[in-house]
Amino acid sequence: MQSIEMSPRTTMRGTDFQQEGMFSYVSPESRIPQAHPLRPIRTMVDAALKGLSRRFDAMYSQVGRPSIPPEKLLRALLLQVFYSVRSERLLMEQLDYNLLFRWFVGMSVDEPVWDPSTFSKNRDRLLESEVASAFFRQVLDQAQAQGLTSDEHFSVDGTLIEAWASMKSFRPKDDSDHDGEGGGRNAERDFHGEKRCNEPHASTTDPQARLYKKGRGKESKLCYLGHTLMENRNGLIVDVQVTQATGTAERDAAIVMLERLPTTERVTLGADKGYDTAAFVEECRVRKVTPHVAQNTSNRRSAIDERTTRHPGYTVSQRIRKRIEEGFGWAKTVGALRKTKFRGLPRLNFQAQLTFAAYNLLRIRNLMAEVPA
């Protein structure tokens, strides 16, 4: 037998051999680390979806072709919020190759993803059945069961949400103006010297959006107002509402959210100077709500007097109420709520409720991790 001499250049380098396997014996579950931060969130999401099972049954017909399971649809929408995925098309792309996304949604490795248009139409079915609101409540119920929420002390605030509409779409309702030279979809317009306001004007793209500015020195934008009610113990959001942008919308929404509180006992409500009006303070007191509102004394008399400010709880509420900005900040930078891609109040309310449900899930996970075993 002839011997084979080893070349001095022979190494233990592996061969770059590539061949696609015909079968896969690995599940997404085995590829996700046990300590991954999405695991406790997935457990909470599954518990919330189980509580919505009867609602899901009522949404679908008993005959016909099976649709996208609503549980998988909601999990996918939560991933879109958690990872700032800007469109359904990109979300489907991620689901096609991202094992973490497939595991969270509940898809096998070989399961085909959905068409983006089909996904969007099925999402609208959830919108019509107010599933986002019910899911938000299910998540909050889990926090309450763990003793993480307060039923006595709350804070309220509002924030601007830019509409998905261009300023060029803000035109007179009688269609009296005309585009400049150039024509096309992006014609030239000269707005100098032209006064525009909400009464005679409306956006042709999103008629429910209104021209509004948050304060002096700020530019006016086509937008909505998002409102949240926060419990003061751990900063969890207990109610969400989106309204048209008006000068009284923040106070009006606060009253509506206070009326939805499931308690009849006296509570406190922290708020900024924008809520310091005699009418709002009186509305709160009629509803057994102690208004811990910041005093606005700029060339006026505050509606909050020493009957309220002399108590130590007032100072505490004024300090804690600022935590509500953490939710707004997360929703705008991560949850894509700074400038919505939806048009109309129903769709925007759906987006806001789902976004703040995701925020609460993260808060609950972090709070539970702090509890000693």
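Go ahead and collect, in residue order, the members of region 98-130 whose backbone nitrogen is under 15 Å from a label point 7 Å along the Cα-Cβ direction of His36. It comes to 98-110, nothing else. The angle between the Cα long axis of helix 324-333 and the main principal axis of the chain comes to about 50°, on a 0 to 90 degree scale.
Cβ-Cβ distance of Arg13 and Glu111, R₀ of 35 Å, FRET efficiency by 1/(1 + (r/R0)^6): the value works out to about 0.40.
For region 311-321, 3J(HN,Hα) computed residue by residue from phi via the Karplus equation (6.51, -1.76, 1.60; θ = phi - 60°) reads 7, x, x, 5, 5, 5, 4, 5, 6, 6, 4 Hz, glycine and proline entered as x. With 20 Å as the limit on Cα-Cα distance, the pairs of Lys173/Lys221; Lys195/Lys221; Lys50/Lys121; Lys72/Lys339; Lys221/Lys332 that go past it are Lys50/Lys121; Lys72/Lys339. Measuring between their Cα centroids, region 343-373 and region 206-278 lie 18 Å from each other. The slack in the chain from Arg125 to Ser220, taken as 0.36 nm per residue of separation less the alpha-carbon distance, amounts to 30.8 nm. Classify region 108-175 as rounded, prolate or oblate, taking a ≥ b ≥ c as the square roots of the eigenvalues of its Cα gyration tensor: rounded when a/c is under 1.5, otherwise prolate if a/b is larger than b/c and oblate if not. Since a/c reaches 1.5 but b/c is at least a/b, the shape of region 108-175 is classed as oblate.
Computed on the Cα atoms alone, the convex hull of region 28-129 gives a volume of 108 cubic angstrom per residue. Available extension along the chain between Thr246 and Glu152 is 30.9 nm, counting 0.36 nm per residue and deducting the alpha carbon span. Simple rule: put +1 on each Lys or Arg Cβ and -1 on each Asp or Glu Cβ in the chain, find the dipole, and look at Val81, Val240, Ala58; the Cα lying farthest toward the positive end is Val240. In the chain, the longest principal axis of the Cα atoms and the axis of helix 116-128 are about 40 degrees apart. May I ask you to list the GluC sites (Glu not before Pro) in region 22-93 that are in a DSSP loop and have at most 16 other Cβ atoms within 10 Å of their Cβ? Sites meeting the loop and neighbour criteria: none at all.
Helical content of the chain, expressed as a calculated mean residue ellipticity at 222 nm, amounts to -12500 deg cm²/dmol (DSSP H runs of 4 or more residues, -39,500 (n - 2.57) each, divided by residue number, nearest 500). In this label model, Lys339 and Arg285 are separated by 4.5 nm, measuring between points 7 Å along each Cα→Cβ vector. Fewest neighbouring Cβ atoms within 10 Å first, the residues His201, His227 line up as His201, His227.
As a rough footprinting exposure proxy, the listed residues Val267, Val240, Val293, Val316 were ranked by other beta carbons within 10 Å of their own, and the order from fewest upward is Val316, Val267, Val240, Val293.
Fewest neighbouring Cβ atoms within 10 Å first, the residues Phe82, Phe328 line up as Phe82, Phe328.
Positive end of the dipole of the chain (Cβ unit charges, origin at the Cα centre): among Gly147, Met12, Phe342, the Cα lying farthest that way belongs to Gly147.
As I understand it, the value is the acute angle between the Cα axis of helix 70-82 and the longest principal axis of the Cα atoms of the chain; what does it come to in degrees, rounded to 10? Helix 70-82 and the main axis of the chain meet at about 80 degrees. Stretched out straight at 0.36 nm per residue, the stretch from Arg266 to Tyr83 would grow longer than its current Cα-Cα span by 62.0 nm. Only Lys, Arg, Asp and Glu carry charge here, each on its Cβ (+1 for the first two, -1 for the last two); on that basis region 227-373 has a dipole of about 340 debye about its Cα centre. With only Cα atoms counted, the chain has Rg and Dmax values of 26.3, 108 Å.
The numbers here are math on the coordinates, done by the rules we state, and not lab data. Keep in mind that what you see is a predicted model, and the values were worked out from it rather than measured. With ideal geometry, Cβ positions are generated from the backbone for all residues, glycine too; neighbour counts draw on all protein chains shown.
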